[in-house]
1. Answer with yes or no whether Gln321 is polar (S, T, N, Q), outside the structural domain of Arg75 (by TED's automatic domain parsing) and either closer than 22 Å to Met547 by Cβ or in a helix (DSSP H, G or I) (or both).
2. Just one of the numbered conditions (1) farther than 30 Å from Val52 by Cα; (2) touching an Asp or Glu at 6+ places or on another chain (Cβ under 8 Å) is not true of Leu372; which one?
3. Based on this model, can you work out whether Ser415 counts as modelled with pLDDT of 80 or more, within 25 Å of Gly286 (Cβ to Cβ) and crowded, with 23+ Cβ neighbours inside 10 Å?
4. Condition (residue is of a type in the set (Phe, Trp, Tyr) and in contact with a His (Cβ under 9 Å, 6 or more places away or on another chain)) applied to the range 312-326: is it met by at least one residue?
5. Assuming Ser386 fulfils every condition listed in (1) buried (at least 21 other Cβ atoms within 10 Å of the Cβ); (2) of a type outside the set (Val, Ile, Thr); (3) at pLDDT 80 or above; (4) over 28 Å from Ile140 (Cα atoms) apart from one, which condition is it?
6. For the range 45-73, how many residues are surrounded by 18 or more Cβ atoms within 10 Å (Cβ to Cβ) and at pLDDT below 80?
7. The conditions are (1) under 25 Å from Leu560 (Cα atoms); (2) free of Cβ contacts under 8 Å to residues at least 60 places away in the same chain; (3) of a type in the set (A, V, I, L, M), and Val514 fails exactly one of them. Which is it?
8. On the basis of being out of contact with any Cys (no Cβ under 6 Å at 6 or more places or on another chain), over 30 Å from Leu299 (Cβ atoms) and either surrounded by fewer than 21 Cβ atoms within 10 Å (Cβ to Cβ) or modelled with pLDDT of 85 or more (or both), does Leu542 make the cut?
Amino acid sequence: MKPAEFAASSPTSNLFSSALQHTVFNAALNALFRLSTFILNAWVLHHVTKSVLGQAAQLTLLYSTVTFFAREPFRKACVSAPSTQSQLRSLIDLLWLAPWFGLAWSVVLIPLWSLSLPTMEVCLYAGSAMVELLTEPLQILLQIHLVMGRRVAAEGWAQLARCVFVGVGVTLSHSPDWSIRVYSVGQLIYGCVLLAVMWAGARRMIRPGAEGGERRLAGLLGVPLVSPNLLRLPWHFARSALTVGSASSIETASPDSNSEPLDPAQTALVRSFLGQCAVKQLLTEGEKYVLTFTNLLSLAEQGLLDSVSNLGSLAARLLFQPVEEGAYHFFGKSLRRGQAPEQQDPDRVTLAGIYLRGALRLVSLIGWSVALFSVPYSTQLLHLYSGATLSEGEGPNLLRLFSCYVLLLAWNGVSEAFMFATMSRVEVDSHNRRLVGYSVAFLATAVAATTAIRRIGPALFGVGEELACAGFVLANCVNIGLRAASSLVFAGRYVLGKDDVDGVVGWLLPCRQVRLVMIGAFVVTCYSNLAFTGDHRPSSQLCHLTMGANAFLLVVTACLAFESDLSTLASQLPAINRLKSSVIGRHANRLLLAVHSLAAVGLLLCLLLRSFSSKF
């Protein structure tokens, strides 16, 4: 099937279009709320010290550990909508294990974090995680039915409430102790708002007569969303873990059995993903665990690393995450887990390959753009984000290095989503063992690089000891690079039918025309950085920014004009097709030329202002 042929109406192409529309909607709504919280976070960073940021980073690690281990196995294992009422009831019972998992992890982790942090703040963060996990069954049910907007909106309002409270609190507080207390209460407010918005929305969405996308939830009518076996679920899960034997017994177990509330096959899959998630969490957040329980970095250095990581991964949170979630659910619904491509519908395999190539090309272009513009604009971005707190010292160099990690994240996210959506349970277990080796490489790289930079960096390279935290960024690059290589090899072998390295690399690189434009933009913006940043007058900084705006517009225009995979994805969006047939679409080239002209005129005016003004 050629890319142009998949526009025909069919269940598979409709699933493709639906998944893509929800991905775009999810990304747009996510970006709207994230940008508002980004502005509020920037305000907060102007009023706290790096040590407070370091404590907040350690508390956030506790929160993310509890929520990740409690919900990620269920999100990975439950991707298909149940076909019968009994399967739906069994699924709801399984999902209500997530809060129990969270409670167990909280009991284990609170004493560990209390060794170095105030117990009150530790309990507040753990309590916030528990409150949030009460929404997890509903969130997964909405994801299964591709109703994702409710979750994004709820998370957005919760983030907004937290940031407003923290912003006001740290502005009024006059002590670091009170600042960290404000952070903790703000996190609890986040969980409470999320719980209220999610369940209030659920009462409206799951009702007779629901319209639009909510009609996909009609199968939930008459089924209690709170498990009647809630108090007995841990006992049933433990007994299932002890009694389930071989993989064959799992595969032949009946999901409709009335003797047990939990489906044995899904329960076994959750256990498999629990092991995989443990290794993945160590790979993703391993440096934070090392920092929390060792003295490799001071609290101030931890605060610098965490703040730069949050800023550098903004593209990942805004754009990569929605694309990865949409890709995972599309692959999970269009392909059967654990079956070879020869055993599946060829049209579905072809569409999965088209979606994979298009999504990889999209996130790769974003990653390349981040890496390109981070070199000349890191100092200005950090100064705008946090003032002198992060922009002075080694913060800009750390952000430049982090942009390489963002590019690797772009390659890994979608390919790993494809791999986990199509792997069998045996393959997941095998991949878990492979990830253990990656975690060892990560920890060894982190310790060695951090120690080396701290000892010889100032003498050989003239960098401050503060850049020692770059060792953890390098270690992250190593582990995410190894993971990306594994998932890309798997995806290439599945889609292309052979080990075609050139074909897989072609998914990751821009086309020749876009590469030339990016190289030109990089040279021009780096020259602008050298020419203008030494002059601290506002007009010079404005010239540098407008130069970057012109270069960015050229890169975007080149991507739209020459990247055919993006055009293939865009053709599946009804809104894009309507836009093409509208007045705006018919005159798109003229509008684009007008935007470029305005940007060029703006740059010219800035240069003239700088030439004729000695103060501005």
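The values are calculated or read from the model by the stated rules, or taken from the named source; none is laboratory data. Remember, it's a predicted structure, so these values are computed and weren't measured experimentally. All Cβ positions, even for glycine, are placed from backbone atoms using ideal geometry, and neighbour counts span all protein chains on display.
1. Here the answer is yes, as Gln321 does meet what is asked.
2. Result: Leu372 fails condition (2) only.
3. When the stated conditions are applied, Ser415 passes them.
4. Within the range 312-326 (the criterion being of a type in the set (Phe, Trp, Tyr) and in contact with a His (Cβ under 9 Å, 6 or more places away or on another chain)), the answer is no, since none of the residues qualifies.
5. The single condition Ser386 does not satisfy is (3).
6. The qualifying residues number 4.
7. (2)
8. Against the criterion (out of contact with any Cys (no Cβ under 6 Å at 6 or more places or on another chain), over 30 Å from Leu299 (Cβ atoms) and either surrounded by fewer than 21 Cβ atoms within 10 Å (Cβ to Cβ) or modelled with pLDDT of 85 or more (or both)), Leu542 does not qualify.
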